[in-house]
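What follows is one structure encoded as structure tokens, with my remarks underneath.
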């Protein structure tokens, strides 16, 4: 346990809880700052369909009373803190009487299954390419091809998604256009359904990969250059160590650390941030749930989903901080 | 150490891949239905967040995912083409002379899909449920409590409604699918004893939800709903109508306009909601079987909510009626249509939708010389602005006492049509010297701003409602709805409360108690419209175009202007009539 | 000074290296003529110049709704979808579906989009560098507070804040959107830089500098910062591109400026207008191409700068 003292550990844990509390308060406060309320949003959706909602003032008042939105803000805040402790956010206001847990439970597996997988591939691919861009033994041709491939990074994700859909789903008919499984298919744990899920997931995954691997490549390349210049590299070369051994043990191992930190930090964003790709493929993920909840000012769903993201990110950052001194012995905490 | 990490990573990846499958309830594979027996529709939403909620008494619940198009039948269906109310579950709904006692006759032999008979008890139960909701939080509860004193069963097929006050539009407004939907009747044997605010009306084991319609729910997910035909449908058994030809209906969340177009080009979508002209042309280039409501320009069907520019009439400087009138004169509706709509709609000359049934009222206004022109009279408008004390500054914008004449136009940001039309108006007004700007906001923001009066002007359709009589639209500007800015107003969010508005409202109130079709009404419309023309709380812009394409590859006899048996709105409760008429395409 | 000279074999060799670096410093006059760097700068400059000159030679009012004919293809192209249309020199790059001239759109839009990227990345990286260094080097209570702030900012979903601010403001300008994006661009660099500083704080040459009585400020900016330059620059390029694309994303969700053209706004309208399907490639293609060119320019600057900073790279790729 070199580097970590009990004092550091406790202080870090304190920051973790403080982070959760402050962030939790902010995500509660911000939606309440926006003009309007979830019930007005609901009435707006009704009105956009049927032209006019008679007696909307009474409907709004009735539901506000029922959801406790007429209580003073401090009362609502204390109630919310209670929800945080129990991790139960009650019912969605926009989709009453569906519980928040049902909305998350419906979308999260798709997001975790597809988007996180795509992101992991992106991370591995991006870092690998970044590493071999700097490695001395990499063939010249590859060193030129990688930057060319990185031009995809400049594509907006929705355009990439539409383009892939147009070419591979529409013109070539290799993959389905939209959705997460075939039309008319009944979900179940069976071969055809699994195959269908994989087919439907390929293009969304691909669009995420091609537009985002370049960021990891760039970052990794920068770190590799820094490592390349280190004295232990010269020493290793002088020792006559094998190039592959050096690439892995000396260069990647050292350069990857900040990239892992970056990965942990962006975990939350990954889950919520693919709303445009989901939209392009009409895919039923968390991005859409969060986006719609924000638009509808669905407080409980915003709170539930955002708090989940906060927990995930804060935990990831906590873990990184705690294991960093272990994987990188050069760091020591609390030694001052 | 290294290989342990690798194995761990692989394990995590496999688990992740399997996750979506694990949460889905394992259920029997449904029987496969061939594509040529299936109709695929488009849901007007980005996702159905809560697919297993079928309690449509709660305002947030979706019912246009097939529920009120294939399962929950209405009592009557209004036919826009003829202006007639056609029977469905109800055979007749007749008022007494005073228009305050209405008697409903039901069709004989109607059965819920679980075999229980549909009777007057279900109707009474449903209406009573709404009357008993003291919180008025359920859909239509406030409306029913406003009008209905009591509801009584006369016999199994007859229900009597005693109203609090005369209402000549009682059937039209609530039971005839005037716009989008109607009050749907609940099965008493399922709903009795349930809490109507939290009951979801869904239980796979019990076969819920149920309806009286020709289709039953097979599966529901946030992205698609599958409905299969019920061979025991009451309509076929009683001879009301033969079983519709489609064996299966699927409603999918198609998403973006590009998706709709690609799916339709590939014959994977039979009916899409509202696309733009360019997209229609692209679809037709790839799929010659795609048809629109009208074969050529304007291709579109007019939705009953014409677009208008609405002012918060108490907010300076546009609290001055002459400035509002100037804006109306400056706007070139023809140009707005040419650019923002690419010619796919027609200009409005009055606040009304241009349906045949509305012609007597539109004509009365036109004959009285109160209709607005469809082309611009920029100079006349500028004269009005100058008369109000404004002069153009160096950059060509009107200014008074150092303040430019600003007009912020709020508009919903969820549909391209809204934004394009507003942006085009902004350019017209800028050109004429009004410092207009567009403020695209989301639904919650615009609804709140609208209801509390926190906007200068908005591109919207607040006076939507009339389709065969004038009162519904005109009443939206009634001073009885007036609330000071800051308080929530249900209607008259223009906050039009002048003496003119009061005179207008008096006429509208009188008109509202006359029976439908009373010959005195057109003259009263013209009389009342004088005040709108003089004070311009709203500026009629254009009719609401909707290009609603159908694919005739698998199904023919879709509604079109040549074959207008019903409007082509497959997201409305009148879709039943489309289902009855669809014919399987014979392979060429 | 620019190459990393961390050491595990003691202060003595570090001192030797520092001397060597000083020597190399004087020879920096030639490496600046790096082809990649110059090419990258040239590309970015020509985009900006194009914006400036375009304003002089082309009527940018044509970029407003309805000021040009609809759906015209570029010069020399004829389209047949919905009637035959032929491109004219009056609109050399064609027009889109609401009557906006493509040439005028990119003359105004490209510099605007570039500006969003640069403002957001500068503010984000600037804050990140300052806070990251302070946090990593000063440590203690300051470190705790900065880390707390950045952790909080990292965890809050950006969309939530952006949508709420947009509905409060109703109208968004170029600077607003750039600042909104930078609001979420600082925590990640802060975190990463802090982690790097923690690593380097313990290295021999920093310890040596400390022993020899150098000030905290001097150690931070003279000893540690130069080692991080390749990484920082990569982050800056990544952030700038990311910010440009984030703006495109926001515009695609309908949260962008309305009257002022940007590349993202143009792409948004092309998506809404199903340009891909209608074969109106000029509508989505031209702004996308410009985004790609901008990215290549920034990338080349990045690569070139690395070679200047790290001579060994120059050798290996020549």
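Quick look at the numbers
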item	result
One residue from A:194, A:271 being closer than 30 Å to residue B:204 by Cβ, facing chain C (nearest Cβ under 10 Å) and either touching a helix residue (DSSP H, G or I) at 6+ places or on another chain (Cβ under 8 Å) or touching a residue at least 40 places away in the same chain (Cβ under 8 Å) (or both)	A:271
Those residues of the stretch A:175-191 which are in contact (Cβ under 8 Å) with a residue 40 or more places away in the chain and in contact with a strand residue (DSSP E or B) (Cβ under 9 Å, 6 or more places away or on another chain), in sequence order	A:178, A:179
Qualifying residue in the stretch B:536-556 (condition: surrounded by fewer than 20 Cβ atoms within 10 Å (Cβ to Cβ) and farther than 30 Å from residue B:230 by Cβ)	no
Test for residue C:291: is it more than 30 Å from residue C:212 (Cα to Cα), touching a helix residue (DSSP H, G or I) at 6+ places or on another chain (Cβ under 6 Å) and more than 9 Å from chain A (Cβ to nearest Cβ)	no
Residue ID - nearest to residue B:123 (Cα to Cα), chosen from residues in the stretch B:212-232 that are free of Cβ contacts under 8 Å to residues at least 60 places away in the same chain and within 14 Å of another protein chain (Cβ to nearest Cβ)	B:229
Criterion (at the interface with chain A (Cβ under 9 Å from one of its Cβ atoms), more than 23 Å from residue A:150 (Cβ to Cβ), at pLDDT below 85 and surrounded by fewer than 24 Cβ atoms within 10 Å (Cβ to Cβ)) met by exactly one of C:228, C:253, C:232	C:253
Output for the stretch B:415-439, where each listed residue is touching a strand residue (DSSP E or B) at 6+ places or on another chain (Cβ under 9 Å) and under 18 Å from residue B:306 (Cα atoms)	B:417, B:418, B:419, B:421, B:422, B:423, B:425
Wholly within the stretch A:14-106, helices (runs of 4 or more DSSP H) carrying at least 3 residues that are more than 7 Å from every other protein chain (Cβ to nearest Cβ), touching a residue at least 60 places away in the same chain (Cβ under 8 Å) and in contact with a strand residue (DSSP E or B) (Cβ under 6 Å, 6 or more places away or on another chain)	none
Selection count where residues are facing another protein chain (nearest Cβ under 8 Å) and either without any contact (Cβ under 8 Å) to a residue 12 or more places away in the chain or surrounded by 24 or more Cβ atoms within 10 Å (Cβ to Cβ) (or both), scope the stretch C:256-268	2
In the stretch A:164-187, the residues that are assigned to a loop (DSSP other than H, G, I, E, B), within 21 Å of residue C:281 (Cα to Cα) and under 26 Å from the mean Cα position of the chain (by Cα)	A:177
Qualifying position, being crowded, with 23+ Cβ neighbours inside 10 Å and either over 30 Å from residue A:91 (Cβ atoms) or within 9 Å of another protein chain (Cβ to nearest Cβ) (or both), among A:301, A:277	A:301
Members of the stretch C:155-187 that are buried (at least 23 other Cβ atoms within 10 Å of the Cβ) and within 14 Å of chain B (Cβ to nearest Cβ)	C:159, C:160, C:163, C:166, C:167, C:177
Wholly enclosed strands (runs of 3 or more DSSP E) of the stretch B:94-203 bearing at least 2 residues touching a residue at least 60 places away in the same chain (Cβ under 8 Å)	B:101-106, B:158-163
Residue satisfying all of: in the stretch B:435-466; surrounded by 24 or more Cβ atoms within 10 Å (Cβ to Cβ) and assigned to a loop (DSSP other than H, G, I, E, B); farthest from the chain's Cα centre (by Cα) among these	B:455
Verdict on residue B:459 being more than 12 Å from every other protein chain (Cβ to nearest Cβ) and closer than 30 Å to residue B:255 by Cα	yes
All positions within the stretch C:270-285 that are buried (at least 24 other Cβ atoms within 10 Å of the Cβ) and more than 11 Å from chain A (Cβ to nearest Cβ)	C:273, C:278, C:280, C:283
Failed condition for residue B:299, given (1) away from chain C (no Cβ under 14 Å); (2) modelled with pLDDT under 95; (3) under 30 Å from residue C:82 (Cα atoms)	(1)
Qualifying residues in the stretch B:280-289 (those that are crowded, with 23+ Cβ neighbours inside 10 Å and in contact (Cβ under 8 Å) with a residue 24 or more places away in the chain) - the one nearest to residue B:301 (Cα to Cα)	B:280
Scope the stretch B:233-262; condition in a helix (DSSP H, G or I), surrounded by 17 or more Cβ atoms within 10 Å (Cβ to Cβ) and in contact (Cβ under 8 Å) with a residue 60 or more places away in the chain; matching residues	B:234, B:257, B:260
Test: residue in the stretch C:32-52 that is away from chain A (no Cβ under 14 Å), over 28 Å from the mean Cα position of the chain (by Cα) and modelled with pLDDT under 90	no
Selection count, the stretch B:480-499, where residues are in a helix (DSSP H, G or I) and surrounded by 18 or more Cβ atoms within 10 Å (Cβ to Cβ)	1
Residue match in the stretch A:221-243 (condition: under 30 Å from residue A:272 (Cβ atoms), facing chain C (nearest Cβ under 9 Å) and within 20 Å of the chain's Cα centre (by Cα))	no
Selection count, the stretch C:160-183, where residues are free of Cβ contacts under 8 Å to residues at least 12 places away in the same chain and touching a helix residue (DSSP H, G or I) at 6+ places or on another chain (Cβ under 6 Å)	3
Boolean, residue A:261 is within 12 Å of chain B (Cβ to nearest Cβ), at pLDDT 75 or above and either outside any helix (DSSP H, G or I) or crowded, with 21+ Cβ neighbours inside 10 Å (or both)	no
Single residue of B:439, B:416, B:447, B:451 found to be out of contact with any helix residue (DSSP H, G or I) (no Cβ under 7 Å at 6 or more places or on another chain), at pLDDT below 95 and at the interface with another protein chain (Cβ under 7 Å from one of its Cβ atoms)	B:439
Residue in the stretch B:389-399 that is out of contact with any strand residue (DSSP E or B) (no Cβ under 7 Å at 6 or more places or on another chain) and on the phi < 0 side of the Ramachandran plot present	yes
Residue C:152 being in contact (Cβ under 8 Å) with a residue 12 or more places away in the chain and either crowded, with 22+ Cβ neighbours inside 10 Å or not in a loop (DSSP other than H, G, I, E, B) (or both)	no
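The values are calculated or read from the model by the stated rules, or taken from the named source; none is laboratory data. Source: prediction; values computed, not measured. Here Cβ is always computed from backbone atoms with ideal geometry, including for glycine, and neighbour counts include all displayed protein chains.
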